[in-house]
Structure formats: structure tokens, C-alpha cells
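**Q** Once you've had a glance at the structure underneath, I'll fire off some questions.
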Amino acid sequence: ELREFAELKVKNYSSGMLVRLAFSVMIQVDAEVLLIDEVLAVGDANFQQKCHAEFERIRRSNKTVLLVTHDMSAVRRFCDRAMLLEKGRLAAIGEPQDVGNRYLQLNFSEEARAIEKAAADQAAMTGHHTPVAFMGEEGETFGDGGATIAEAWFEDADGVPQLTLENGRPYTFCMRVRFDREVVDPLFSTSMTNLQGLQLFSASSVWTDPTPGTFRAGDTALFRVAFDNILSAGRYSITAAVTLADGTWLQLRERMFGVMVTSTRTSGALVDVPSVATLRREGAAEGATR
């Protein structure tokens, strides 16, 4: 989308135009190893979609790609392995989901930063740079301590808590949050992930009530999300979070609990979108039989 600026001197390009040009040049290079730095984090939605499509094509070609980014969603979407560097030191390496969570911990958890600093000091004394252990087990919780997700559950249409969700029926996700200090305009969110790590459902108050006001220490809030369950049969993990508009995590409970979805049919799809299939015979050749 730079054709109309072909005669413009490159020194007069905007930063976004420069990134478009750089990405276009990069994908033409027949290299076995590609080093890509933050290119997926800029540009408008259309340009980013083009980047994602090209990135998938490069992956399918079995080339080695090293993606440098602060976008954890890109890490989870595109990477087979991830490595976290903290002040030039290896802090974690492994599955993208776990390393992404470690990144969030180091950004929003005082305790995690203290542990990492102690490990860095130890490495400076001994010369051994050992990554801090990080296990992505169910119940992993971090944040700055401004709020606590006390409990979460699913209810059916009658308000009865449910341990399994039947496909095709309406349910409500409920999350009770207690505030441990004064917080202005917190945002509430949840997501459901299948066993393959694909996020198939998410909801957030940012779309419905982005400015709920001030909550003081000791206040509680009940966040509810009503939805029609179109998920296919299987086990899903529930993640719940309370954040601020600037991205600060008050608390994130990764894979807080699991829930089973049941179904009377198997479509083979990740979601079972309601549909009606019809068939009409429009004509038959002479002598044809049904």
C-alpha cells in the first residue's frame, strides 16, 4: 500500500511506512533464518492481518524465525518455543503460554521481580545464569495485589451452579472480586481455553462498562457474563482477570478452574455454530433414479 508514495524520498516516510517497506522487503528474501523485531505490533488492522498471513506462510515453509516482541498474544499465536530476557539475562524458556505468563509476572508482580533480582544477583556472583523456575500449573496467580478474585463459577438459566455445560444451552459465568485497596475504573475479564491451548471464548467489561467508578478497600463486585454455549464437547480451562486501563494486572488467575462441555453430537469443529442445512433437488437427468 505504498505505491502512491514510490517517488517520495524514504527519509520523508513515516515510521509506519518504513515498517511496511521493511516487511515487504523481508518477505522477498529467500533466507533460511529470519530475525523479525516488533514488526507485528505496528500498522493498521489491515496491514497487521497481511503480516499475520505472511507469517503463517513463512512458518509453513519450515524456515527458522526469531520473533522479538512484547506482544504476548503474538508469542502464543506464532511461536513453538519462547525465551524471556530480563535486563539481558535469561529469565525463562519453554512453552509460549508459560513464558508469556512469566513476562506478565515480572511486569506486574513485586514478588516475582524480587525473586528475579535475587537470581540475577546470584548469577553475578557465581557466573551461572540459570532461568528462574516457572511452572504453568492450574491456579497460577499474580498481580499487584489491588484485588482478589475470591471465587468464580458457572450458572444455568435458573441460577443453579453447574460443573458441566451442555452444548446449545444458555449459561452465565460469575466472578466475585474483593478489592484490597482503592481502585478507580477496574476492568473485569474471562476467557476459556481448550486442551490445545486455543482461546475459544473471551469477554470483558471494557466493551460494556469501561468506567464502573471507584472501589474502596473491602468493596466487592460481581462480574457476570451471559452466553449461549456453542463450544464443542471437551474440557476447558477458565482464566479470570482484573486489570486497569493502562494494562496493570490487579490479579490474574491463569487456568483458575476447569469445566467440561458435553454434547449429543460430534461436529469435528472447535465450536458448534447453530445452523440449518437444507437440500433441494433442482433437476435430474432423463432416466436418472434417486
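The values are calculated or read from the model by the stated rules, or taken from the named source; none is laboratory data. None of the values given here were measured: they were computed from a predicted structure. Backbone-built Cβ (ideal geometry, glycine too); neighbour counts: all protein chains shown. Please note that ligands, DNA and RNA were not included when accessible areas were found on the heavy atoms of the full protein model with its side chains. Shrake-Rupley method; radii C 1.70, N 1.55, O 1.52, S 1.80 Å.
**Q** Filter the GluC sites (Glu not before Pro) in the range 21-102 to those in DSSP coil with at most 13 other Cβ atoms within 10 Å of their Cβ, and list the result. Kindly include the intermediate steps, with their values, before the conclusion.
**A** Numbers: sites: E32, E38, E54, E56, E86; in loops: E32, E38.
Loop-located and lightly packed - E32, E38.
**Q** Moving on to the next point. Which order do M192, M260, M83 take when ranked by solvent-accessible area (1.4 Å probe, heavy atoms of all protein chains), largest first?
**A** The ordering from most to least exposed comes out as M83, M260, M192.
**Q** For F5 and R224, compute 0.36 nm times the residue count separating them, minus their Cα-Cα distance, and round to one decimal in nm.
**A** Gain on extension, F5 to R224, equals 73.9 nm.
**Q** Please identify the trypsin sites (Lys or Arg not before Pro) of the range 42-72 that satisfy two criteria: DSSP loop assignment and at most 16 other Cβ atoms within 10 Å. Which are they?
**A** Working: sites: K50, R57, R59, R60, K63; in loops: K63.
Hits after loop and neighbour filter: K63.
**Q** Any chance you could run the full-extension gain for Q162 through Q28? It's 0.36 nm times the residue separation minus the Cα-Cα distance, nm to one decimal. Please report the intermediate quantities before stating the final value.
**A** On the way: separation 134, 0.36 × 134 = 48.24 nm, distance 5.29 nm.
Length gained between Q162 and Q28: 42.9 nm.
**Q** In what sequence, largest accessible area first, do L165, L270, L35, L2 appear using a 1.4 Å probe? List each step's numbers first, then the result.
**A** Values: L165 0, L270 90, L35 125, L2 30 Å².
Greatest to least solvent exposure: L35, L270, L2, L165.
**Q** Looking at L35, L90, S61, which one has the Cα that reaches farthest to the positive end of the dipole of the range 25-99 (charges on Cβ: Lys, Arg +1; Asp, Glu -1)?
**A** Value: S61.
**Q** Checking a compactness column here: for the range 148-290, what do you get for Rg(Cα) / (2.2 N^0.38 Å), N being the number of residues?
**A** Normalised Rg, Cα atoms only: 1.42.
**Q** How long is the gain from T264 to E38 if the chain were fully straight, where each residue apart is worth 0.36 nm and the alpha carbon distance is subtracted?
**A** On the way: separation 226, 0.36 × 226 = 81.36 nm, distance 4.47 nm.
Between T264 and E38, full extension yields an extra 76.9 nm.
**Q** If you don't mind, there's one more thing I want to ask. Using protein chains only and a probe of 1.4 angstrom, how many square angstrom of H70 are accessible, to the nearest 10?
**A** So the heavy atoms of H70 present about 130 Å² to solvent.
**Q** Counting other Cβ atoms within 10 Å, which trypsin sites (Lys or Arg not before Pro) in the range 184-253 have at most 16 and lie in a DSSP loop?
**A** On the way: sites: R216, R224, R235, R253; in loops: R216.
For trypsin sites (Lys or Arg not before Pro) across the range 184-253 that sit outside H, G, I, E and B with at most 16 neighbouring Cβ atoms in 10 Å, the list reads R216.
**Q** I need the semi-axes of the equivalent ellipsoid of the range 1-86: take the C-alpha gyration tensor, multiply each eigenvalue by 5, square-root it, list largest first in whole angstrom. Intermediate values should be presented prior to the final figure.
**A** On the way: eigenvalues 117, 44, 29 Å².
With the √(5λ) rule applied to the range 1-86, the semi-axes are 24, 15, 12 Å.
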